[in-house]
Amino acid sequence: MMNYRKVVGALGIMLMLIGGAMFLPLIWSLYYGDADWSAFLITGMLTVMVGAVMYRLNDMKGSIRYKEAYAIVTVSWLLASAFGAVPFLLAGTFTSFADAFFETMSGFTTTGASVLTDIEALPHGILFWRSLTHWLGGMGIIVMFVAVLSSLGVGGLQMFKAESPGPVAEKIKPRISESAKTLWLTYLSFTVAETLLLCLFGMSLFDALCHTFGTLATGGCSTKNASIGYYDSPAIQWVIVLFMVLAGVNFALHYQAFNSRSLKSFWRNSEFRLYVVILVAAIFLAFLGISTATEQSFAETLRQASFQVTSIMTTTGYATADFNSWAPFVKVLLVALMFVGGCAGSTGGGIKVGRILILLKQSKLEIIRATHPRAVLNLTIDGKPVGNNIVVNVLSFFSIYVVITCISTVIMTLAGLDIVSAFTSVAANLCNIGPGLELVGPTQNYGFLPMWSKFYLSFLMLLGRLELLTVMVLLVPSTWRK
């Protein structure tokens with residue numbers, strides 16, 4: 001039977017953390033003299049108080065089982081988005097809860113899809129909150145939760161596995177709480193480094209922080225209507241490209257490189273090598289596609305190709321150009337990259353390069369087995385055997401992903417979208433990217449959609465961020481029974 005007291009108690013702690021985070025945008029509101037400070041003060045205090053009551057009235061002792069971990073993780077993201085939507089409503093940014101919830105879920109899941117039309121007209125507190133939700137959701141609310149509360153013990157491991165992206169949740173320290181702290185320290189180090197570089201090349205501290213949050217979380221929320229295209233600075237664009245690439249890499253590899261003072265750990269990793277090959281090949285193809293249709297300089301074309309390919313493949317969603325107007329070949333390439341995503345253990349969305357690597361290796365084995373039926377073949381990656389359970393899990397994940405994409409595309413056509421807009425809206429939200437093509441392209445937004453479709457796309461964002469099964473297992477009635 002589901003232990004509801006443990007679930008509610010854990011959710012209470014999570015709400016206190018989210019409520020505490022709301023006081024950060026309040027500081028920016030006061031600094032700039034904006035009127036939205038009261039929205040964060042009221043919501044922050046309310047969220048902390050509700051969380052404290054939930055925690056105090058429940059028992060957190062003992063271990064947390066997998067079914068409770070799935071419930072805590074999924075409901076945490078729903079509650080974070082629901083409470084996180086309140087400042088938008090109190091500040092008058094939105095009058096509809098559907099819009100506020102969509103924007104907040106887009107932030108926490110690092111999707112970057114928006115229903116806003118004039119971003120630059122928003123007060124600074126709201127702009128900072130949009131970006132901060134990215135940063136918190138990028139490494140993971142529960143990873144932060146486990147890092148703060150090491151007393152959870154085995155329960156922390158279950159939640160870490162339920163939220164961490166990729167086919168296998170990787171521990172980089174003997175204790176899961178230490179792994180969570182290490183991941184967040186690495187994340188914080190990159191945050192400081194990128195912020196300093198962006199400030200060095202001309203961004204204000206406020207804009208640098210907001211764009212750093214969007215980059216490292218692969219979220220893509222900008223403080224400007226034209227996104228990164230607002231900054232006509234090659235240096236700023238290349239800095240963001242660099243950190244988007246780093247954000248798409250398994251953060252455990254970053255730690256290993258820091259710890260060993262060597263970059264060899266990157267190239268020894270098969271997933272990283274495939275990630276680099278796909279990225280470089282896609283940039284080359286996009287460069288050819290753009291250069292044949294425009295008369296831009298070599299440097300400009302290379303920068304546009306590198307930025308947009310990296311932004312889409314890592315599921316960041318930043319834009320320096322309207323790629324919706326590019327040649328069909330390049331648009332098809334970008335749509336394909338939406339599904340690739342970053343590496344397992346990165347902040348990127350999508351299917352993940354690690355799963356694609358397993359699919360490719362397993363396909364190769366099946367081809368060999370067809371011609372050598374008596375051969376004993378075992379799947380290995382980096383010299384380590386991959387169990388059949390992981391292979392089955394990856395195949396199931398891929399199959400469910402395809403089915404959900406197809407069904408959801410049909411559903412979105414009911415909202416009045418053409419087939420390209422419907423398909424790319426599903427891909428962009430399920431893969432946590434944000435912009436799609438046609439009516440939901442990089443210069444458009446999702447504000448025109450009916451209310452029900454915004455809630456549905458929010459559900460797809462959650463499915464994509466928690467990688468399907470963590471959410472879907474709660475839809476099975478037996479989860480809630482003995």
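From Gln237, Gln256, Gln296, grab the single residue that is free of Cβ contacts under 8 Å to residues at least 12 places away in the same chain and either of a type outside the set (Ser, Thr, Tyr) or more than 23 Å from Trp326 (Cα to Cα) (or both). So that I can check it myself, show each step before the final result.
On the way: Gln237 fails: free of Cβ contacts under 8 Å to residues at least 12 places away in the same chain; Gln256 fails: free of Cβ contacts under 8 Å to residues at least 12 places away in the same chain.
When all the criteria are applied, what remains is Gln296.
Tell me the helices (runs of 4 or more DSSP H) entirely within region 48-122 that contain at least 3 residues that are of a type in the set (Gly, Ala, Ser) and surrounded by 21 or more Cβ atoms within 10 Å (Cβ to Cβ).
66-84, 97-108
Could you identify the single residue in Ala226, Ala281 that is within 25 Å of the chain's Cα centre (by Cα), small (Gly, Ala, Ser) and closer than 27 Å to Trp28 by Cβ?
Ala226
Among the residues of region 445-460, count how many are without any contact (Cβ under 8 Å) to a residue 24 or more places away in the chain and within 19 Å of Ile419 (Cβ to Cβ).
Residues in region 445-460 being without any contact (Cβ under 8 Å) to a residue 24 or more places away in the chain and within 19 Å of Ile419 (Cβ to Cβ): 1 in total.
Which of the residues spanning region 362-377 are polar (S, T, N, Q) and without any contact (Cβ under 8 Å) to a residue 12 or more places away in the chain?
Ser363, Thr371
Is it true that some residue in region 311-322 is under 17 Å from the mean Cα position of the chain (by Cα), surrounded by 24 or more Cβ atoms within 10 Å (Cβ to Cβ), at pLDDT 90 or above and not hydroxyl-bearing (Ser, Thr, Tyr)?
Within region 311-322, one or more residues are under 17 Å from the mean Cα position of the chain (by Cα), surrounded by 24 or more Cβ atoms within 10 Å (Cβ to Cβ), at pLDDT 90 or above and not hydroxyl-bearing (Ser, Thr, Tyr).
Anything in region 219-257 that is closer than 22 Å to Leu185 by Cβ and modelled with pLDDT under 90? List them, or say none.
Gly219, Asn250, Phe251, Ala252, Leu253, His254, Tyr255, Gln256, Ala257
When you scan region 405-414, do you find a residue that is surrounded by fewer than 19 Cβ atoms within 10 Å (Cβ to Cβ), of a type in the set (A, V, I, L, M) and assigned to a loop (DSSP other than H, G, I, E, B), even just one?
Yes, the conditions are met somewhere in region 405-414.
Which members of region 14-35 meet the condition of being outside any helix (DSSP H, G or I) and either aliphatic (A, V, I, L, M) or touching a strand residue (DSSP E or B) at 6+ places or on another chain (Cβ under 8 Å) (or both)? Break it down stepwise before answering.
First, pick out the residues of region 14-35 that are outside any helix (DSSP H, G or I): 22, 33-35.
Hits for region 14-35 are Met22, Ala35.
Out of the residues in region 415-447 that are polar (S, T, N, Q) and part of a loop (DSSP other than H, G, I, E, B), which is surrounded by the fewest Cβ atoms within 10 Å (Cβ to Cβ)?
Across region 415-447, the extreme among qualifying residues is Thr443.
Looking at region 448-481, which of the residues that are at pLDDT below 90 and not in a helix (DSSP H, G or I) is farthest from Pro328 (Cα to Cα)?
Looking at the filtered set, the residue picked out is Arg481.
Determine whether region 371-394 contains at least one residue that is under 30 Å from Ala286 (Cα atoms) and either surrounded by 17 or more Cβ atoms within 10 Å (Cβ to Cβ) or modelled with pLDDT of 90 or more (or both).
yes
Scan region 217-236 for residues that are in contact with a Cys (Cβ under 6 Å, 6 or more places away or on another chain) and not in a loop (DSSP other than H, G, I, E, B) and report the count.
Residues in region 217-236 being in contact with a Cys (Cβ under 6 Å, 6 or more places away or on another chain) and not in a loop (DSSP other than H, G, I, E, B): 0 in total.
May I ask you to verify whether Val241 is surrounded by fewer than 19 Cβ atoms within 10 Å (Cβ to Cβ) and of a type in the set (A, V, I, L, M)? Outline the logic, then answer.
Working: surrounded by fewer than 19 Cβ atoms within 10 Å (Cβ to Cβ): no; of a type in the set (A, V, I, L, M): yes.
The answer is no for Val241.
Leu359 passes all but one of (1) within 27 Å of the chain's Cα centre (by Cα); (2) in a loop (DSSP other than H, G, I, E, B); (3) over 28 Å from Tyr187 (Cα atoms); which number fails?
(2)
Quick one: which of Gly214, Gly229, Gly202 is farther than 19 Å from Ser114 by Cβ and among the small types (Gly, Ala, Ser)?
Gly202
The values are calculated or read from the model by the stated rules, or taken from the named source; none is laboratory data. This one's a predicted model, so the numbers in the text were calculated from it and none came from an experiment. Note that each Cβ is placed from the backbone with ideal geometry, even for glycine, and that neighbours are counted across all protein chains shown.
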